[in-house]
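What follows draws every value from the coordinates through simple rules; no lab data is involved. The structure displayed is predicted, hence computed values, not measured ones. Cβ atoms come from the backbone with ideal geometry, glycine included; neighbour counts cover every protein chain shown.
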Amino acid sequence: MLLAGTFEARQLAERLKQAFPGLRITVSFAGAVKDLPALDLPTRVGGFGGVEGLCAYLRAEQVTLVIDATHPFAAQMSRNATKACQQLAQPLIRLDRPPWPVQDGDQWIEVETMAAAASALPAGAKAFLGIGRKEIGQFTQRTDLSALVRMIEPPSVPLPARWDLVLARPPRSAQDECALFRHHGITHVVTKNSGGTRAYAKIDAARMLNVPVIMINRPQLPETRTVSSLQDMLAQVEKELARNA
Ligand code: NAP
């Protein structure tokens, strides 16, 4: 079973299908976004009901390998997967794309939590919040801020009247991000250190415009077998299949 929710998970699903035609793969999505990728593989959508629910699912479906390719900030799912696989003495492999490294010209203020990110913004800042929809409430409490918020699905809490909202996936081009930041007079960018290429344009744009970035570092995840590339994941899956053959 492939726990999905990232671009890499989608790529991995395709690669697994090609590399191991006999493998029965089910792709699992949280259902956080409505437009799921078309994968031509069996999929399921929605939570399992914690560790217990996940164990029950893995047993019922006779799953022999779990691949965790969720987002680096989807810590609950990764923790649940680790616990469930430990309980069932079942192999688990995590795909963890490397975090973005700080580069020359970056002005990062690194913080560990969303609350710390909200506190790190100076009074009067106009922040770009590219943090998803779940934790936006940490920022709406700061009545001395204004913000431009970008998310894929509409926010779960009402946004302050003077905030701006863009419902979209991140653009690829730093020029587009620069134009957006300039248009809205952005003074700070707030982001999770998600890694990968698809949401990196805002980091390039912040560097180009000399805008500080409040960078939220990744949550700690329990130790498990982890790879950082699709290639290494395919090699690990091959090993597991050979072990089970
Ligand atoms: P989370 O806090 O770790 O997970 C919350 C709960 O959602 C989990 O306990 C689980 O419910 C369910 N869930 C999460 N991923 C699932 C999956 N692939 N299949 C089935 N159930 C899943 O995760 P999140 O931060 O809400 O993220 C939800 C999904 O969006 C993840 O799949 C993640 O990869 C993707 N995503 C997250 C971010 C982010 O910044 N957090 C960014 C991009 C994409 P039960 O306990 O009921 O099983």
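Structural remarks
- The range 57-199, relative contact order [Cα under 8 Å, separation at least 6], %: 24 percent
- Sequentially through the range 110-115, phi angles give Karplus couplings (6.51, -1.76, 1.60; θ = phi - 60°) of 8, 10, 9, 9, 5, 4 Hz, Gly and Pro residues having no value and appearing as x.
- The Ala179 and Gln18 beta-carbon pair, evaluated with R₀ = 35 Å, returns a calculated FRET efficiency of approximately 0.35.
- Range in the chain, longest, excluding exposed GluC sites (Glu not before Pro) [loop by DSSP; at most 13 other beta-carbon atoms within 10 Å]: 113-222
- Taking amide H atoms as placed 1.01 Å from N in the peptide plane, the amide H of Ile109 lies under 5 Å from those of Val213, Ile214, Met215, each 5 or more residues away in sequence or on another chain.
- Cα gyration tensor shape for the range 16-97, rounded if a/c is under 1.5, else prolate or oblate: rounded
- Mean separation of Cα pairs under 8 Å and 6 or more residues apart, divided by the residue count, gives the chain a relative contact order of 21 percent.
- Taken along the Cα-to-beta-carbon direction at a fixed 7 Å, the label points for Leu241 and Ala123 span 6.2 nm.
- Couplings 3J(HN,Hα) of the range 153-163, computed from phi: 9, x, x, 8, 10, x, 8, x, 4, 8, 7 Hz, in residue order, whole Hz [Karplus 6.51 cos²θ - 1.76 cosθ + 1.60, θ = phi - 60°; x for Gly and Pro].
- Calculated from backbone phi, Karplus (6.51, -1.76, 1.60) coupling profile of the range 61-66 in Hz, x at Gly/Pro: 8, 6, 6, 10, 8, 10
- In the elastic network of the chain, a GNM with C-alpha springs shorter than 10 Å, the most mobile of Ala19, Ala60, Ala84 is Ala60.
- Label zone at Met208, where the point sits 7 Å out along the Cα-to-Cβ direction: the range 171-197 residues whose backbone N lies under 14 Å: 171-183
- Convex hull volume of the C-alpha atoms in the range 27-75, normalised per residue: 96 Å³.
- Qualifying trypsin sites (Lys or Arg not before Pro) in the range 1-30, where qualification requires a DSSP coil assignment and no more than 15 other C-beta atoms within 10 Å, comprise Arg24.
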